[in-house]
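Notes follow once the structure below has been shown.
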Amino acid sequence: MKKIILLMMVTIASIQLSRANFPIGYGRWMLIPGYNYYNAKGYWDGKGGYNAYSNGGSFSSHYFGLYGGYGLSRRWNFLFNVPFVVQFDNNTQGTAAAPKSYLASGLGDATVGLSYFFTDFDALNHVSLTGSLIVPLYANKGKPYPNIGYQSVGGEVKLSFSGSATGGFRNPYYDMEFGIRQYFNNEGPTQLFANVTGGIPIDDYYKISGTLSGVNSFSSAATTTSTSQAFYNYNKSFDYVRAAFNVGRVINENTSIWGGLYADIFGTSVGRGSGLSVSAVFKF
């Protein structure tokens, strides 16, 4: 059985929506605590065929993150993210008579970076370029634990387009980003990613949105075989597409809460799962 990466995205769906890629404002802070739950009972193989885990096995992950930013000027934002991850590999290596469960937990891959906003299309639409450093805050324990990540320093660059329209149904808004992520070791991986969000305010308090995201990861590492299926970072070559639906509630001009559901809809050499996310946005 191929070793399959079960990807729990560092950026959860609701945070991706609620932070957007807008200027924070000079001298202002934005903090977004969030929680994400992910569960998979099977995986896509290298040809995109779906396979259930043996013995009724599953993989689940709990993600607690704090994303934040500070407006250094009208054009520059300082950004950071610190995650804590708890991952369970349930009965994927055991037998029906003697099931096994393994757990790994700890701080994940922290990111810190700067975002620069170019000349606006207009007052409501923005183009930005963000560069971030990825710093692992953990030490993988290896077999038989589900490793937290690649345990490698990396970098990320992304180009973002964000804004809202003054016409249409209650001023719809959008947020699109396209980027590349590179882990600095002999086998990488290199990852191309894209996230596209569109949303509509229902009234003065509620907003809904949909997000389509995808990752294409490739590496020089050879594909290996094993009886295990659910270790996080064994397979560095994979791809997937994920869809999410989110609802937001505005408390006041500086506070909002978000909740969402998401599901993996296509992939190769990756787990197929679904989950939920909740987050809050505080600006001050």
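Any read-out appearing in this document is the output of simple, stated calculations on the displayed coordinates, not a laboratory observation. These figures come from a predicted structure and were not determined experimentally. Because the Cβ atoms are built from the backbone with ideal geometry, glycine has one as well, and the counts that use them run over all protein chains shown.
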If you stretched the chain out fully between L66 and F284, how much longer would it get, using 0.36 nm times the residue separation minus the C-alpha to C-alpha distance?
-> 76.9 nm
When you count, for each residue, the other Cβ atoms within 10 Å and take the mean per peptide, how do 130-140, 240-250 rank with the highest first?
-> 240-250, 130-140
Got a sec? How would H62, H126 order by Cβ neighbour count within 10 Å, fewest to most?
-> H62, H126
Quick one: length gained pulling L137 to Y206 fully straight, 0.36 nm per residue minus the C-alpha distance?
-> 21.2 nm
For the pair S54 and R75, what calculated FRET efficiency results from E = 1/(1 + (r/R0)^6), where r is the Cβ-Cβ distance and R0 = 45 Å, to the nearest 0.05?
-> 0.25
For K158, the aspartates and glutamates lying under 15 Å Cα to Cα, once residues fewer than eight places off in the same chain are dropped, come out as D175, E177
Gain on full stretching of the segment that runs from V86 to Y37 - 0.36 nm per residue minus C-alpha separation | 16.7 nm
